[in-house]
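One structure is given here, and the rest of the page talks about it.
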Amino acid sequence: MTVIDELIKSIKSASRYNKSEEARPKCILWTDKNKEWLECIPILQNKVPELFVYGDYDKDKKTGPAIWLRCVLANLVEEYKVDGETIPIIYLPGINKSDLRADDQSLDLLKPLVWLQFIGAFWLQANSKDWTIFAFLTSINGGLNLSIAEDKYTKELLKKAMPILLNQKIKSLSKQQINKDFLNNLLIPDIDKSILEYLNNSSTLLYDQNMPETHAFIQECQSTYKFNPVENNVNIAAEKLCQHKDFRRCKKICKSTQRSH
């Protein structure tokens, strides 16, 4: 069982209801005020075709404004007809439950969705708060009960690494402490090789510093090799690499790289 399997199972469990006392939910509302899960959505949509997103209209990404989402739920969007047995999931990045209050304080753009809180079900923690990534992975009550370091750096890196963590087996993750070193290694499994690639073409490796792998590479260079690949030039990087205790392994990588070319 992987993280994504349990995540999907948890989200869909929000639609459970007592048939003798309640009506079947028309949708599942997934609020995410801090947009923590946003990068995971495309991966989830590959497995959950009934997952739609509130935002600027983009048909291919199943994303649209509130009125479009209402049309989807009413089965008026031909491309995304939902069968009667499937309960659609509406992901609401930047929105929390209180934003859907049916009063004058509701954002005008959200008003078409206000009614959904009465006919749908929210995917929330037991304390009625949004499911953050950290909470879902660590919670005993409804989460995966994993052991994760609580320092600020690990929590921030966790958000960036989540798209990769989704495909990790829970059994394997449960056997270890998840910290910054584990996450960095997950994102950059061979830091020495990455540094050599950086020396060969620094602009290519650092072209997008918002990418999780690039962020991890920069942090690992700073913590392990004591240089900043963004601020320092490649000569300093080469010097630091040569001074490091694992340089012998790097030379082997260099030789194997040269043979491959």
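The values are calculated or read from the model by the stated rules, or taken from the named source; none is laboratory data. Keep in mind that this is a model prediction, so the values were computed, not measured. Cβ placement follows ideal geometry from the backbone for every residue including glycine, while neighbour counts extend to all protein chains displayed. Areas reflect the complete protein model, heavy atoms only, side chains present, ligands, DNA and RNA absent. Shrake-Rupley method; radii C 1.70, N 1.55, O 1.52, S 1.80 Å.
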Gly143 meets each of (1) assigned to a loop (DSSP other than H, G, I, E, B); (2) closer than 22 Å to Tyr225 by Cα; (3) not aliphatic (A, V, I, L, M) with one exception, condition (2)
Ser20 hydroxyl-bearing (Ser, Thr, Tyr), within 25 Å of Leu165 (Cβ to Cβ) and open to solvent by 30 Å² or more (accessible area, probe 1.4 Å): no
So which residues in region 56-76 are under 13 Å from Ile89 (Cα atoms), part of a helix (DSSP H, G or I) and open to solvent by less than 80 Å² (accessible area, probe 1.4 Å)? Leu69, Val72, Leu73
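Name every residue in region 127-159 that is among the polar types (S, T, N, Q) and either open to solvent by 50 Å² or more (accessible area, probe 1.4 Å) or within 14 Å of Asn34 (Cα to Cα) (or both), in order of residue number. Steps first, answer last, please.
Looking only at region 127-159, we keep the residues that are among the polar types (S, T, N, Q), and these are 127-128, 132, 138-139, 141, 145, 147, 154.
Those that are among the polar types (S, T, N, Q) and either open to solvent by 50 Å² or more (accessible area, probe 1.4 Å) or within 14 Å of Asn34 (Cα to Cα) (or both): Asn127, Ser128, Thr132, Asn141, Asn145, Ser147.
Please enumerate the residues belonging to region 39-55 that are in a strand (DSSP E or B) and either in contact (Cβ under 8 Å) with a residue 60 or more places away in the chain or under 16 Å from Thr86 (Cα atoms) (or both). Before the answer, list the steps.
Of the residues in region 39-55, the ones in a strand (DSSP E or B) are 51-54.
If the condition is that a residue be in a strand (DSSP E or B) and either in contact (Cβ under 8 Å) with a residue 60 or more places away in the chain or under 16 Å from Thr86 (Cα atoms) (or both), then Leu51, Phe52 are the ones that fit.
For Leu100, indicate whether it is modelled with pLDDT under 95, more than 19 Å from the chain's Cα centre (by Cα) and crowded, with 18+ Cβ neighbours inside 10 Å.
On the way: modelled with pLDDT under 95: yes; more than 19 Å from the chain's Cα centre (by Cα): yes; crowded, with 18+ Cβ neighbours inside 10 Å: yes.
So Leu100 passes the test.
Restricting attention to region 160-173, which residues are open to solvent by less than 70 Å² (accessible area, probe 1.4 Å) and part of a helix (DSSP H, G or I)? Outline the logic, then answer.
The first filter runs over region 160-173 and keeps only residues open to solvent by less than 70 Å² (accessible area, probe 1.4 Å), leaving 160-166, 168, 170, 172-173.
Once the filter is applied, which keeps residues that are open to solvent by less than 70 Å² (accessible area, probe 1.4 Å) and part of a helix (DSSP H, G or I), region 160-173 yields Lys160, Ala161, Met162, Pro163, Ile164, Leu165, Ile170, Ser172, Leu173.
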Mind telling me which of the residues Gln176, Gln125 ends up being assigned to a loop (DSSP other than H, G, I, E, B) and under 18 Å from the mean Cα position of the chain (by Cα)? Gln125
For Ile195, all conditions in the list (1) open to solvent by 50 Å² or more (accessible area, probe 1.4 Å); (2) without any contact (Cβ under 8 Å) to a residue 60 or more places away in the chain hold save one; what is the number of the exception? (1)
Residues of region 8-36 being closer than 22 Å to Val114 by Cα and of a type in the set (A, V, I, L, M, F, W, C), which ones? Ile11, Ala14, Ala23, Cys27, Ile28, Leu29, Trp30
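Could you please let me know if Gly120 is within 30 Å of Asn184 (Cβ to Cβ) and open to solvent by less than 30 Å² (accessible area, probe 1.4 Å)? Spell out how you get there, then give the answer.
Values: within 30 Å of Asn184 (Cβ to Cβ): no; open to solvent by less than 30 Å² (accessible area, probe 1.4 Å): yes.
Considered against the rule, which asks whether it is within 30 Å of Asn184 (Cβ to Cβ) and open to solvent by less than 30 Å² (accessible area, probe 1.4 Å), Gly120 comes out as no.
Going by the conditions given, is Asp83 in a loop (DSSP other than H, G, I, E, B), open to solvent by 20 Å² or more (accessible area, probe 1.4 Å) and more than 30 Å from Glu156 (Cα to Cα)? Walk me through how you get there before you give the answer.
On the way: in a loop (DSSP other than H, G, I, E, B): yes; open to solvent by 20 Å² or more (accessible area, probe 1.4 Å): yes; more than 30 Å from Glu156 (Cα to Cα): yes.
It is true that Asp83 is in a loop (DSSP other than H, G, I, E, B), open to solvent by 20 Å² or more (accessible area, probe 1.4 Å) and more than 30 Å from Glu156 (Cα to Cα).
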Please list, ordered by first then second residue, the pairs with beta carbon atoms under 8 Å, 6 or more apart or interchain, first in region 74-89 and over 16 Å from Ile119 (Cβ atoms) and modelled with pLDDT of 90 or more, second in a loop (DSSP other than H, G, I, E, B) and open to solvent by less than 60 Å² (accessible area, probe 1.4 Å). Tyr80/Lys62
Looking at (1) part of a helix (DSSP H, G or I); (2) modelled with pLDDT of 75 or more; (3) more than 23 Å from Asn167 (Cα to Cα); (4) not aromatic (Phe, Trp, Tyr), which is the only condition Leu186 fails? (3)
Among the residues of region 26-38, is any without any contact (Cβ under 8 Å) to a residue 24 or more places away in the chain and part of a loop (DSSP other than H, G, I, E, B)? no
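Determine if region 154-171 includes at least one residue that is touching a Gly at 6+ places or on another chain (Cβ under 8 Å), of a type outside the set (Val, Ile, Thr), modelled with pLDDT of 95 or more and more than 17 Å from Ser223 (Cβ to Cβ). Full working, then the answer.
Residues of region 154-171 that are touching a Gly at 6+ places or on another chain (Cβ under 8 Å), as a first pass: none.
Within region 154-171, none of the residues are touching a Gly at 6+ places or on another chain (Cβ under 8 Å), of a type outside the set (Val, Ile, Thr), modelled with pLDDT of 95 or more and more than 17 Å from Ser223 (Cβ to Cβ).
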